[in-house]
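What follows is a single structure, written as C-alpha cells, with notes after it.
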Amino acid sequence: MAEVLVVVEAAASGVKKVTLELLTLAREIGTPAAVVLGGPGAAEALTARLAEYGAEKIYAAESEEIDGYLVAPKATVVAELVKRVSPAAVLLASTQEGKEIAARLAIKLDNGVLTDAVGLDADGTATQVAFAGATIVKSKVTRGLPIVALRPNSLTPVPAPASPSVESLTVTATESDKLAKVVERVAEQKGARPELSEASVVVSGGRGVASADNFKLVEELADLLGGAVGASRAAVDSGFYPHQFQVGQTGKTVSPQLYIALGISGAIQHRAGMQTSKTIVAVNKDTEAPIFELADYGVVGDLNKVVPQAADEIRKRR
Amino acid sequence: MNIVVLVKQVPDSGAERSLRADDNTVDRGAASNVINEMDEYAIEEALKITEAHGGEVTVLTMGPAGASDSIRKALSMGPAKAVHIVDDALRGSCAVSTSKVIAAALGGLNADIILCGSESTDGRVQVLPHMLAERLGVAALTGARKLTVDGSTLTIERQTDEGYEVVTASTPAVVSVWDTINEPRYPSFKGIMAAKKKPVDTKSLADLGVDASEVGFAGATSTVLDHAQRPPRSAGQKVVDEGDGGVKLVEYLATEKFV
C-alpha cells in the first residue's frame, strides 16, 4: 500500500489531537507516514505518540531553517518528499498553518487542494461543511493526488500501535523560502485549558456576560468540565475576552462534543462557528434568543445566578 | 508605497447562502453580495500606510460583472483606482487557477505590498496569500493582527493559537490581515461621490495572457461532486430558571454523561 503523508502539528504539550485524527483517517487510505517539521530534535519527543496512533514511518525534517522562517521551508520539504515517495494522499490539519503549507504544496506540484474537510473516503472524496455549517459538500481533487486539510474534531482518534522507522530528511530551503523571517514567538497566557478548536467541551460567553471580570464565571465552568473558553464577537469587540478565543464567522470554528453558550444571542455569524457541535446548551435571559432554536437544552435565566449554581452542583457531585 | 488590495465580492454572511443546484458554484444571483468583510480591514490598513508613508492604493478584484458594485464601495473608502478581472471563462475556477490569474494581474501592477483579508467569509479557505507568494516568489506575511512599515521592512504580529509570532520581510510582500488589525472607516459622502469617477481598468483573460483552458471548470484542479443542505438543528428542551436553573442544567449534563 502506498504511504499517506500526515503533516504533524505539535504544540508545547506534544502532538496535537488533530494529527491523531489524521493518522486514524490515513489508515483507511494507505500506510500512515508522519512528517515532523520542526527545529533540531523536534521528532524525538513526538515519536512515541505518533507510533501509538499508527504511524508506520516517521519522516523527520529538523532544522533551524524550519523554525526560523514562516511556512515556506516546510512546504518545500513536503513537496520534495511527495515527488520521491509518490504517496496516495497528503493530509494536513485545517488550521492557519496547515492550510498555508497545503496552499504552497498545491502550487509547487500543480495539484488540487481541499481544505476544511470533515471526512475523507478511501477514493479521495472529501466531505466539507460550508456556509456556517448549513451546507454539506462532497468534493474531489481532480488534478494530482488528494491534498486534504481536515478540521480538528472531525473524528475520534483511535490508537493502533505501530513500530515506525524514523528517516531523517535533509532540509534545503531555497532563497525564496527564507523571505519571511520569524523573529520571535510569544506565548500568551491561557493556563492549562485545552486548545479551543480541539477541545471536546467549549464554554463560551457573549455580550450577556457583561464584563471582562465576569468572564471568570465562564472560565470556572469551563475548568470544571475540562473545557476550553470561547467568546462571541460581541464579547470580543466589547473587550471582555481576547480575539484568539472568538468563535464564529470571523473567528474559530469549533465542533466539540458539548458547547455551552452563556449570554450569547446566537446571531448567524456566531452559529457559523459552532453549530456542528454535537450537543449545544444555552443560558440566556431572553427567551426569544435565536440560540434556543438550536440548543438541545436551554435555560432561560440570569447567567449570574444559573452558572454559579451549576458550578456548585458539579462540585457537589464529585 | 505602491499597495494593491485584493478585494473579493462574496454573498453576505449575515443572510442565507447556498450553492447552485446546476453547477455547484456559489449562488450569487439569490444572494445579497457584499465586500468580503475581512478585505475592508485590508483596505483600511493600506490607506493608513499610504497616509503615513505616501503612495497609492489600487483595488484588484476578480469576479463577475456584478462585482463592480463592491469595487465602487471599496473605492469610496479612499483607494485611487481599481483593476477588475472579468471574463466568462473564469466561472468555476478553483483556488489554484484563481491564484494564477491574480498573479498575472499583479505582474503589471508593480506593488510593494499586496494586502488582503486572511480569508473570505464564503470559502474560508485561507490559501490564496501563500499561493500568490509562491507564484510571485515574494514573501508572505499572513494572519497579521498588527503591521509596521519601516522603509522597505515590514513586520507583523501573526496571530497563532498559542499567542503570536513576530515575522518580518522586505517588500515586495503579500500581507494578509485579521479583523483585529484596525477599525475600517465608513465611506464619506465625498468619498462615495469621488468613487464614481475613479478609474476602473477592466482586464480579460486575453489581456492577462492566461489561456481560458487553464481556468474555470475546464482548468479546475478540484471539483464539487454534490452538495446538500444540512438538516437544521431542532430546538430541544427549554426551561425557565425558577431558582433551580443551574441544578437542572447539571442534571441534563449528567444524563448526557458530561459530568
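The values are calculated or read from the model by the stated rules, or taken from the named source; none is laboratory data. For clarity, every value in this text was computed on a predicted model and none was experimentally measured. Cβ sites come from the backbone with ideal geometry, for glycine too, and all protein chains shown count toward neighbours. Please note that ligands, DNA and RNA were not included when accessible areas were found on the heavy atoms of the full protein model with its side chains. Shrake-Rupley method; radii C 1.70, N 1.55, O 1.52, S 1.80 Å.
Collect the residues in the stretch A:14-36 that are without any contact (Cβ under 8 Å) to a residue 60 or more places away in the chain and either of a type in the set (Phe, Trp, Tyr) or open to solvent by 20 Å² or more (accessible area, probe 1.4 Å) (or both), keeping them in residue-number order.
Within the stretch A:14-36, A:15, A:31 meet the criteria.
I need the full set of residues from the stretch A:84-118 which are of a type in the set (Asp, Glu) and over 18 Å from residue A:35 (Cα atoms), in order please.
Narrowing the stretch A:84-118 to residues of a type in the set (Asp, Glu): A:97, A:100, A:110, A:116.
Within the stretch A:84-118, A:110, A:116 meet the criteria.
Looking at the stretch A:211-259, which of its residues are touching a helix residue (DSSP H, G or I) at 6+ places or on another chain (Cβ under 9 Å) and of a type in the set (Ser, Thr, Tyr)?
A:232, A:238, A:241, A:250, A:253, A:255, A:259, listed by residue number.
Mind telling me which of the residues A:57, A:74, A:83 ends up being within 14 Å of chain B (Cβ to nearest Cβ) and of a type in the set (D, E, K, R)?
The match here is A:74.
Search the stretch A:103-118 for residues that are under 22 Å from residue B:136 (Cα atoms) and more than 7 Å from chain B (Cβ to nearest Cβ) and pair each with any residue that is of a type in the set (Gly, Ala, Ser) and open to solvent by 30 Å² or more (accessible area, probe 1.4 Å) when their beta-carbon atoms are under 6 Å apart and the residues are at least 6 apart or on different chains.
So the pair list comes out as A:109/A:144.
How many of the residues making up the stretch B:189-246 are facing chain A (nearest Cβ under 7 Å), of a type in the set (Asp, Glu) and not in a strand (DSSP E or B)? Quick ask: steps written out before the conclusion?
So in the stretch B:189-246, the residues facing chain A (nearest Cβ under 7 Å) come out as B:220-230, B:233, B:235-241, B:245-246.
From the residues that got through so far, the ones that are of a type in the set (Asp, Glu) too are B:226, B:241.
With not in a strand (DSSP E or B) added as a condition, the list becomes B:241.
Here the count works out to 1.
Looking at (1) crowded, with 20+ Cβ neighbours inside 10 Å; (2) away from every other protein chain (no Cβ under 14 Å); (3) in a loop (DSSP other than H, G, I, E, B), can you tell me which one residue B:49 breaks?
(3)
Return the residue satisfying two criteria in turn: it lies in the stretch B:134-169 and is facing chain A (nearest Cβ under 8 Å) and hydrophobic (A, V, I, L, M, F, W, C), and of such residues it is surrounded by the fewest Cβ atoms within 10 Å (Cβ to Cβ).
Checked the stretch B:134-169; the qualifying residue surrounded by the fewest Cβ atoms within 10 Å (Cβ to Cβ) is B:166.
Being farther than 22 Å from residue B:47 by Cα and at pLDDT 95 or above is the requirement here; does residue B:80 meet it? Give the derivation first.
Numbers: farther than 22 Å from residue B:47 by Cα: no; at pLDDT 95 or above: yes.
In short, no.
For the stretch B:63-100, give me each residue that is within 20 Å of residue B:206 (Cβ to Cβ), within 14 Å of another protein chain (Cβ to nearest Cβ) and open to solvent by 20 Å² or more (accessible area, probe 1.4 Å). Lay out the reasoning, then the answer.
Let us first name the residues in the stretch B:63-100 that are within 20 Å of residue B:206 (Cβ to Cβ), namely B:63-65, B:67-68, B:82-93, B:97-100.
After this cut, where a residue has to be within 14 Å of another protein chain (Cβ to nearest Cβ) as well, the list is B:92-93, B:97-100.
Hits for the stretch B:63-100 are B:92, B:93, B:98, B:100.
Among B:16, B:37, B:51, which is of a type outside the set (Ser, Thr, Tyr) and within 23 Å of residue B:132 (Cα to Cα)? Step through it out loud before you land on a result.
On the way: B:16 fails: within 23 Å of residue B:132 (Cα to Cα); B:51 fails: within 23 Å of residue B:132 (Cα to Cα).
Only one candidate qualifies: B:37.
Of all residues in the stretch A:260-289, how many are within 9 Å of another protein chain (Cβ to nearest Cβ) and either hydrophobic (A, V, I, L, M, F, W, C) or touching an Asp or Glu at 6+ places or on another chain (Cβ under 7 Å) (or both)?
Residues that pass the stated criteria total 10.
Every residue, every condition in (1) at pLDDT 95 or above; (2) open to solvent by 50 Å² or more (accessible area, probe 1.4 Å); (3) in the same structural domain as residue A:117 (by TED's automatic domain parsing), yes or no:
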| position | (1), (2), (3) |
| --- | --- |
| A:210 | yes, yes, no |
| A:229 | yes, no, no |
| A:235 | yes, no, no |
| A:240 | yes, no, no |
| A:260 | yes, no, no |
| A:268 | no, no, no |
| A:279 | yes, no, no |
| A:289 | yes, no, no |
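List the residue pairs whose Cβ atoms are under 9 Å apart, where the first residue sits in the stretch A:182-208 and is facing chain B (nearest Cβ under 9 Å) and within 12 Å of residue A:259 (Cβ to Cβ), the second is of a type in the set (Val, Ile, Thr) and open to solvent by less than 50 Å² (accessible area, probe 1.4 Å), and the two are 6 or more positions apart or on different chains.
The qualifying pairs are A:196/A:202; A:196/A:229; A:196/A:247; A:196/A:254; A:201/A:260.
Looking at the stretch A:239-259, can you tell me whether even one residue there is facing another protein chain (nearest Cβ under 9 Å) and over 22 Å from the mean Cα position of the chain (by Cα)?
Checked against the condition, which is being facing another protein chain (nearest Cβ under 9 Å) and over 22 Å from the mean Cα position of the chain (by Cα), the stretch A:239-259 yields no hits at all.
Starting from residues that are buried (at least 23 other Cβ atoms within 10 Å of the Cβ) and of a type in the set (S, T, N, Q), keep the ones in the stretch A:129-162 and report whichever is farthest from residue A:255 (Cα to Cα).
Across the stretch A:129-162, the extreme among qualifying residues is A:139.
Give me the helices (runs of 4 or more DSSP H) completely within the stretch A:5-88, filtered to those with at least 2 residues that are modelled with pLDDT of 95 or more and among the basic types (Lys, Arg), ordered by residue number. Show your work before the answer.
Values: elements: A:17-26, A:44-52, A:64-68, A:72-85.
Per the criteria, A:72-85.
Could you grab the pairs with beta carbons closer than 6 Å, sequence gap of 6+ or different chains, first residue in the stretch B:138-159 and assigned to a loop (DSSP other than H, G, I, E, B), second one surrounded by 20 or more Cβ atoms within 10 Å (Cβ to Cβ)?
B:138/B:172; B:138/B:173
Just checking, which of A:186, A:118 is outside the structural domain of residue A:65 (by TED's automatic domain parsing) and either among the aromatic types (Phe, Trp, Tyr) or assigned to a strand (DSSP E or B) (or both)?
Details: A:118 fails: outside the structural domain of residue A:65 (by TED's automatic domain parsing).
Exactly one residue qualifies, and that residue is A:186.
Please go through the stretch A:137-150 and give me each residue that is over 17 Å from residue A:28 (Cβ atoms) and basic (Lys, Arg), ordered by number.
Listed by number, the list holds a single entry, A:143.
Quick one: would you say residue A:60 is touching a residue at least 60 places away in the same chain (Cβ under 8 Å), touching a strand residue (DSSP E or B) at 6+ places or on another chain (Cβ under 8 Å) and over 18 Å from residue A:168 (Cα atoms)?
Details: touching a residue at least 60 places away in the same chain (Cβ under 8 Å): yes; touching a strand residue (DSSP E or B) at 6+ places or on another chain (Cβ under 8 Å): yes; over 18 Å from residue A:168 (Cα atoms): no.
No: the conditions fail for residue A:60.
Just give me the residues in the stretch A:291-318 being at the interface with another protein chain (Cβ under 7 Å from one of its Cβ atoms), open to solvent by less than 30 Å² (accessible area, probe 1.4 Å) and at pLDDT 95 or above, in sequence order.
A:292, A:295, A:297, A:298, A:299, A:300, A:301, A:306, A:307, A:310, A:313, A:314
Could you please find all residues in the stretch A:173-210 being basic (Lys, Arg) and either touching a helix residue (DSSP H, G or I) at 6+ places or on another chain (Cβ under 8 Å) or closer than 30 Å to residue A:281 by Cα (or both)? It would help to see each step written out before you state the result.
Residues of the stretch A:173-210 that are basic (Lys, Arg), as a first pass: A:178, A:181, A:185, A:190, A:193, A:207.
Residues satisfying the conditions are A:178, A:181, A:190, A:193, A:207.
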